[in-house]
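Enquirer: Below you'll find the structure I mean.
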Amino acid sequence: MLAVRKARRKLRMGTICSPNPSGTKTASDVCNADWMASLPPHLHNVPLSNLAIPGSHDSFSYWVDEKSPVGPDQTQAIKRLARISLVKKLMKKWSVTQNLTFREQLEAGIRYFDLRVSSKPGDTDQEIYFIHGLFGIKVWDGLMEIDSFLTQHPQEIVFLDFNHFYAMDEAHHKCLVLRIQEAFENKLCPACSVESMTLQTLWEKKRQVLIFYHCPFYKQYSFLWPGKKIPAPWANTTSVRKLILFLETTLSERAPQGSFHVSQAILTPRVKTIARGLVGGLKNTLVHRNLPAILDWVKTQKPGAMGVNIITSDFVDLVDFATTVIELNDLLQEDRALAKC
């Protein structure tokens, strides 16, 4: 069975999305652009809530604008400090949680995106931006990048989780939802039973996008799924040991039906963490040294109704994160083979 898993991995990862000059494959080079389409037929009718799906944390934060105003998600004290240009440069080191663009993440296999959005105070239009301390790219630009990938890969499904909204009134929400409709059109999947969401069902209906909207505004649109359908418990710790204990506990408490589940395999800096690693930033201070241990935990997991579903990480390219999560689905195939014995 191990040989079968290795062969399957080789088939799925046989192409390079962006060849690098050295000719060697790195985690960001390996292409998982069609991993859902490549899953064995037995898994095509398994609910997506029972599959292992890789996701990214603060997915849009590969670029933030240090020249823009500090976002409304920050305290007044931070906003005052940010009048000093050096402060914004340091903020950027702690606001960026990904290296790869949306397109690159999709090619690497990421299918769940953690999205936080805001209007820009002072703007006279209704433009919405991604935000994490500092403003990122326009939401419209990100949506179009995702849609372009989906058009080229019609059997891949994505989860877009709009879970934080800042400085947005009803007009802003209407504008954002209209942009979502314009970007994805018939690819949008109406909210319905979680258990009915299988690859086969979505392929037959030509639906590729599930939008989760953590705001009562979702009730006005059939294609917006309520945020409660995709809980994402947050450990809020700098300790790998505490994080893993939290992930294990929340998985054991996971509802067996009625929702997806996000395991946030991330560490969160505290004020003293930032103070000690001010210049180093999030990646060098907290993520780089701890990500291998977190990945070791991922390797021990198993998908299923009471197992892992969506797993998110910072800097998904630093280790072979997406492939590691995707390969957990081979365990479901092994279970089927054992049951036949």
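Enquirer: In this structure, is residue 109 within 14 Å of the chain's Cα centre (by Cα), on the phi > 0 side of the Ramachandran plot and in contact (Cβ under 8 Å) with a residue 12 or more places away in the chain?
Expert: Considered against the rule, which asks whether it is within 14 Å of the chain's Cα centre (by Cα), on the phi > 0 side of the Ramachandran plot and in contact (Cβ under 8 Å) with a residue 12 or more places away in the chain, residue 109 comes out as yes.
Enquirer: Of all residues in the range 144-156 being outside any helix (DSSP H, G or I) and touching a Phe, Trp or Tyr at 6+ places or on another chain (Cβ under 9 Å), which is nearest to residue 309 (Cα to Cα)?
Expert: 156
Enquirer: Any idea how many residues of the range 129-145 are among the aliphatic types (A, V, I, L, M) and surrounded by fewer than 23 Cβ atoms within 10 Å (Cβ to Cβ)?
Expert: 3
Enquirer: List pairs: first in the range 68-79 and on the phi < 0 side of the Ramachandran plot, second modelled with pLDDT under 85 and surrounded by 15 or more Cβ atoms within 10 Å (Cβ to Cβ), Cβ under 7 Å, 6+ apart or cross-chain?
Expert: Taking only residues 6 or more apart or on different chains, the pairs are 70/82.
Enquirer: Moving on to the next point. Would you be able to say whether some residue in the range 294-302 is closer than 25 Å to residue 93 by Cα and not in a loop (DSSP other than H, G, I, E, B)?
Expert: The answer is yes; a qualifying residue exists.
Conditions (1) aliphatic (A, V, I, L, M); (2) modelled with pLDDT of 95 or more; (3) open to solvent by 10 Å² or more (accessible area, probe 1.4 Å), marked per residue:
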| position | (1), (2), (3) |
| --- | --- |
| 217 | no, no, yes |
| 223 | no, yes, yes |
| 228 | no, yes, yes |
| 243 | yes, yes, no |
| 248 | no, yes, yes |
| 281 | no, no, no |
| 298 | yes, yes, no |
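Enquirer: Continuing with this model, one more query. Being over 20 Å from the mean Cα position of the chain (by Cα), free of Cβ contacts under 8 Å to residues at least 60 places away in the same chain, assigned to a helix (DSSP H, G or I) and over 30 Å from residue 119 (Cβ atoms), is that true of even one residue in the range 158-179?
Expert: No, the conditions are met nowhere in the range 158-179.
Enquirer: Checking the condition within 21 Å of the chain's Cα centre (by Cα), closer than 29 Å to residue 332 by Cβ and open to solvent by less than 20 Å² (accessible area, probe 1.4 Å), which residue from 265, 232, 305 passes?
Expert: Of the residues listed, the single one that is within 21 Å of the chain's Cα centre (by Cα), closer than 29 Å to residue 332 by Cβ and open to solvent by less than 20 Å² (accessible area, probe 1.4 Å) is 265.
Enquirer: Same structure again: Which numbered condition trips up residue 272, out of (1) modelled with pLDDT under 95; (2) at positive phi?
Expert: Going through the list (1) modelled with pLDDT under 95; (2) at positive phi, residue 272 breaks only (2).
Enquirer: Within the range 69-122, which helices (runs of 4 or more DSSP H) (wholly inside it) include 3 or more residues that are in contact with a Lys or Arg (Cβ under 8 Å, 6 or more places away or on another chain), at pLDDT 90 or above and open to solvent by less than 10 Å² (accessible area, probe 1.4 Å)?
Expert: none
The values are calculated or read from the model by the stated rules, or taken from the named source; none is laboratory data. Note that the coordinates shown come from a computational prediction; the quantities given were computed from them, not determined experimentally. In this analysis, Cβ positions are derived from the backbone assuming ideal geometry, glycine residues included, and neighbour counts consider all displayed protein chains. Surface accessibility is based on the protein's heavy atoms, side chains included, excluding ligands, DNA and RNA. Shrake-Rupley method; radii C 1.70, N 1.55, O 1.52, S 1.80 Å.
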